[in-house]
Each structure stands twice: as C-alpha cells, then as structure tokens.
Amino acid sequence: MIVDALSRSGRRLLGDPLTAATTLLFVALAVWLGPRLVDWLFFSAVWRPAGPEACAAEGAGACWAFLMEKWALILFGAFPHDLMWRPALGTTLVLVALGWLAWRRWPLQESAVVMLGAFIALVALLDGRPLGLEQVATVRWHGVAIVALLGVFGLAAGIPIGVALALARRDGPPLVRVLATTLIETLRATPLVTVLFFGVFVLPLLAPPSWSIDAVVATLIMLVVFHAAYVAEDMRGGLRAVGDGQREAGDALGLGYLKRLRLVELPQAVSVALPALTNTIIGGFKDTSLVALVGVFDLIATTRMAYSDAAWQRYALEALLAVGALYLLVCWLIARHCRTLEEELSYWRKR
C-alpha cells in the first residue's frame with residue numbers, strides 16, 4: 001500500500017517534463033527559502049518584551065515583542081482594560097466549542113445547543129448586565145469578540161434561515177416563492193459592503209424615531225441575511241439532487257411534510273450540499289473583516305490601530321501573521337467539523 005501511494009505521488013509530481021520541472025522548481029524554492037524563513041520566524045526573532053529599538057538592534061528576525069507590547073489592543077481594542085477577562089473568557093468558550101464539535105461524528109443537534117450556549121455566554125460576558133456585572137457599551141466590543149460574534153454566530157444563524165428560504169423557494173405558495181427568490185437573488189447580486197452600509201447607515205433612517213438600532217446589532221442582522229441567501233442557493237442545489245422518488249416514498253410511508261423533510265430529504269440534501277456550504281461558511285467568516293468599513297472594529301481593525309503607532313509601524317507583518325494564524329485555526333476547525341459531518345452522512349447514505 002505504501003509503495004502504491006509513493007508510486008501514485010511520483011506520477012503526479014514527475015509524470016511529464018513540465019510537471020517534473022515545476023516540481024523541481026518548487027522544491028528548490030523551498031530548500032532555499034525554508035531555512036531563511038525558519039530563522040526569521042524563530043531563531044533570529046526577538047521574543048522577550050522590549051521596545052522597537054531592541055528589535056532594530058538585535059537582527060533582522062521577526063519582532064514578536066510587538067505582539068507582547070500591543071496584545072491587549074490587538075485582541076480587545078478599546079474594551080476596558082480591567083474587564084478584558086470577559087471577552088477573553090467568551091472567545092475561549094467559542095473556540096472550545098468549535099474544537100469539541102470538530103471531532104463529533106453526528107453533532108447536528110449538539111452543534112445547535114453548544115453554539116447557542118457559547119453565543120449566550122459570549123454576549124452575557126460582553127454586555128455584563130445578564131450576569132450582574134458592569135455594562136460595557138457595544139461601541140467598545142472590539143477585536144476577537146466581534147469576530148466571534150459576527151463571524152461564527154452570524155453564519156450559524158444564517159444556516160437555518162437559508163434552509164427555510166430554500167424550502168420557501170421550492171415548496172412555498174406562488175407569492176412566497178416569488179418573495180424568497182427576489183430576496184435571494186437581490187442579496188446575491190449585491191456586494192456585502194453595500195449591504196452593510198444599508199444596515200448601519202440607511203436602516204436607522206427608515207426605522208421609526210423611537211427605535212434605536214445599534215451598529216453591532218445592525219451589522220449582525222445584515223450578515224445573517226446576506227449569508228442566508230448564499231446558504232439558500234447551496235441547499236437548493238442539494239434539494240434538487242434528491243430525486244422525486246424520495247419524496248414519493250416518504251408520502252407512501254404516510255410521512256407528513258415536516259417529518260419527510262427531517263427524515264428523508266434534508267439529510268440527503270445536506271450531504272450533497274455540504275462541500276458548497278463549507279466554502280460559503282469559511283468565505284463568510286473571512287468576509288467579516290469588511291465590517292471595519294462601517295465603523296465596527298474587528299480583529300483586522302484593532303491590528304491596524306496597534307501598528308499605527310509610529311514606533312512600531314515597520315512590524316505590521318508580525319501582527320498580520322498572528323491574526324492570519326488565528327483565522328486559519330478557526331477556518332480549519334470549521335472545515336474539520338464539516339468534513340466529519342460529511343463522512344457521517346456518506347456512511348448513512350451507503351447503508
């Protein structure tokens with residue numbers, strides 16, 4: 001088996017002259033660049049807390065001292081310094097929930113319960129009032145807390161709404177089908193930045209004077225609705241892949257509409273649509289960095305605030321690498337969770 005795997009890899013990497021030349025080029029690049037990159041990242045880097053002068057004096061390695069100096073601003077922005085344990089605990093709970101779900105075999109119901117619990121805990125910790133703590137206004141919810149709130153839970157809320165839109169577009173009365181189709185196609189044809197600007201700046205003007213729409217809440221609503229449109233199209237493709245015979249079999253067994261959806265159609269549709277849904281979820285999570293354009297300070301915005309300090313501007317790369325590693329971790333956990341679901345659904349479809 002190992003010999004066969006090596007043989008297949010060799011054919012893929014060295015199968016023809018062009019492929020072999022490309023492979024050798026990338027190997028040579030890795031041999032030349034790899035040691036230099038490792039040296040810059042680790043061996044020549046400045047790790048201990050120090051000022052920018054120490055980073056400039058001790059060599060050309062990475063200045064991780066910048067992160068140690070500005071970590072609070074990067075992670076939590078303008079959140080009160082003595083209360084930073086609250087967003088730290090809330091985002092840790094979210095990461096733990098994602099990590100736990102990543103290895104569950106069929107955690108559909110557990111996913112909803114665990115993520116809802118983590119969402120309630122995060123919001124309660126950030127606001128403070130539900131736990132009897134000091135209130136912190138939403139204008140000071142920055143950094144990783146906003147990424148977790150908008151990125152993770154905005155998408156988690158958009159999935160069931162997207163499924164409902166897909167079903168309304170397929171099975172609803174004529175008027176409902178037209179409305180669902182119009183909403184889906186309009187949102188898919190509109191840039192996310194435009195949707196965010198509408199929610200934050202235009203929607204409050206259209207609301208009654210007695211209503212007060214918070215910028216974070218408006219952003220969350222717009223992200224949920226926007227991503228629900230893309231989820232709806234992914235699920236519509238999955239539902240179309242389920243043959244009419246499956247619905248007829250459910251009707252023959254005397255299953256009602258909701259029970260037929262839950263037991264027959266949706267499991268098969270999700271299994272087909274899951275790769276596309278995974279791309280939508282990961283892409284939507286990364287798109288939350290656009291909320292900085294409407295005055296909501298996510299992790300990218302707080303990182304930009306940190307390296308706007310003239311003394312540390314030359315070390316912006318180190319901060320962006322750290323932020324990229326955090327995004328990579330969350331995206332990998334989401335992908336791992338979806339892959340586990342896909343394997344489980346494929347197993348049950350083959351039985």
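All of Ala249, Ala228 fail the test of being more than 28 Å from Phe153 (Cα to Cα) and of a type in the set (A, V, I, L, M), apart from Ala249.
In this structure, Gly250 does satisfy being modelled with pLDDT under 85 and in contact with a Leu (Cβ under 8 Å, 6 or more places away or on another chain). Screening Val3, Val31, Val27 for residues that are of a type in the set (A, V, I, L, M, F, W, C), loosely packed, with under 10 Cβ neighbours inside 10 Å and modelled with pLDDT of 85 or more leaves exactly one candidate, Val31. If only residues of the range 240-263 that are outside any helix (DSSP H, G or I) and more than 30 Å from the chain's Cα centre (by Cα) are counted, the one that is surrounded by the most Cβ atoms within 10 Å (Cβ to Cβ) is Leu255. Of all residues in the range 210-239, those being surrounded by 21 or more Cβ atoms within 10 Å (Cβ to Cβ) and aromatic (Phe, Trp, Tyr) number 2. Close Cβ contacts (under 9 Å, 6 or more residues apart or on different chains) running from residues in the range 118-137 that are under 23 Å from Ala97 (Cα atoms) to residues that are of a type in the set (Asp, Glu) and assigned to a loop (DSSP other than H, G, I, E, B) comprise Gly128/Glu134. Given the structure, is Leu75 assigned to a helix (DSSP H, G or I) and either touching a residue at least 12 places away in the same chain (Cβ under 8 Å) or more than 26 Å from Val225 (Cβ to Cβ) (or both)? The answer is yes for Leu75. Report, by residue number, each residue of the range 102-137 that is at pLDDT below 90 and either in contact with an Asp or Glu (Cβ under 7 Å, 6 or more places away or on another chain) or among the polar types (S, T, N, Q) (or both). Answer for the range 102-137, where residues must be at pLDDT below 90 and either in contact with an Asp or Glu (Cβ under 7 Å, 6 or more places away or on another chain) or among the polar types (S, T, N, Q) (or both): Arg104, Arg105, Trp106, Gln109, Ser111.
Residues that are under 30 Å from Glu265 (Cβ atoms) and either hydrophobic (A, V, I, L, M, F, W, C) or in contact with a Phe, Trp or Tyr (Cβ under 8 Å, 6 or more places away or on another chain) (or both): which helices (runs of 4 or more DSSP H) entirely in the range 126-220 hold 3 or more of them? Give the derivation first.
Details: elements: 153-171, 174-188, 192-197, 203-206.
Answer list for the range 126-220: 153-171, 174-188.
For Gln268, the conditions (1) more than 15 Å from the chain's Cα centre (by Cα); (2) within 19 Å of Ala78 (Cα to Cα); (3) buried (at least 16 other Cβ atoms within 10 Å of the Cβ) all hold with the exception of (2).
Restricting attention to the range 143-156, does a residue exist that is surrounded by fewer than 24 Cβ atoms within 10 Å (Cβ to Cβ) and either under 21 Å from Pro80 (Cβ atoms) or under 22 Å from the mean Cα position of the chain (by Cα) (or both)? First the steps, then the outcome.
Let us first name the residues in the range 143-156 that are surrounded by fewer than 24 Cβ atoms within 10 Å (Cβ to Cβ), namely 153, 156.
Checking which are either under 21 Å from Pro80 (Cβ atoms) or under 22 Å from the mean Cα position of the chain (by Cα) (or both) leaves us with 153, 156.
Looking through the range 143-156, at least one residue is surrounded by fewer than 24 Cβ atoms within 10 Å (Cβ to Cβ) and either under 21 Å from Pro80 (Cβ atoms) or under 22 Å from the mean Cα position of the chain (by Cα) (or both).
Of the residues Ala137, Ala112, Ala124, Ala189, the single one that is surrounded by fewer than 23 Cβ atoms within 10 Å (Cβ to Cβ), hydrophobic (A, V, I, L, M, F, W, C) and under 19 Å from Val330 (Cα atoms) is Ala112. Among residues of the range 25-52 that are touching a residue at least 24 places away in the same chain (Cβ under 8 Å) and part of a helix (DSSP H, G or I), those with a Cβ under 9 angstrom from a residue that is surrounded by 11 or more Cβ atoms within 10 Å (Cβ to Cβ) and of a type in the set (D, E, K, R), sequence gap 6+ or separate chain, pair up as Pro52/Glu69; Pro52/Asp309; Pro52/Arg314. Under the condition of being touching a Lys or Arg at 6+ places or on another chain (Cβ under 9 Å), outside any helix (DSSP H, G or I) and more than 16 Å from Ile74 (Cβ to Cβ), the residues counted in the range 290-343 number 0. Among residues of the range 281-328 being surrounded by fewer than 21 Cβ atoms within 10 Å (Cβ to Cβ) and among the hydroxyl-bearing types (Ser, Thr, Tyr), the one that is farthest from His227 (Cα to Cα) is Ser308.
For the range 275-313, the set of residues classified as of a type outside the set (A, V, I, L, M, F, W, C) and either touching a Ser or Thr at 6+ places or on another chain (Cβ under 8 Å) or free of Cβ contacts under 8 Å to residues at least 24 places away in the same chain (or both) consists of Asn279, Gly283, Ser289, Asp298, Arg304, Ser308, Gln313, listed by residue number. Every listed requirement among (1) loosely packed, with under 15 Cβ neighbours inside 10 Å; (2) among the small types (Gly, Ala, Ser); (3) in contact (Cβ under 8 Å) with a residue 40 or more places away in the chain is met by Ala207 save one, (3).
The values are calculated or read from the model by the stated rules, or taken from the named source; none is laboratory data. Treat the numbers as computed from the prediction; the structure is a model and nothing was measured. Neighbour counts are summed over all protein chains in view; Cβ atoms, including those assigned to glycine, are modelled from backbone coordinates with ideal geometry.
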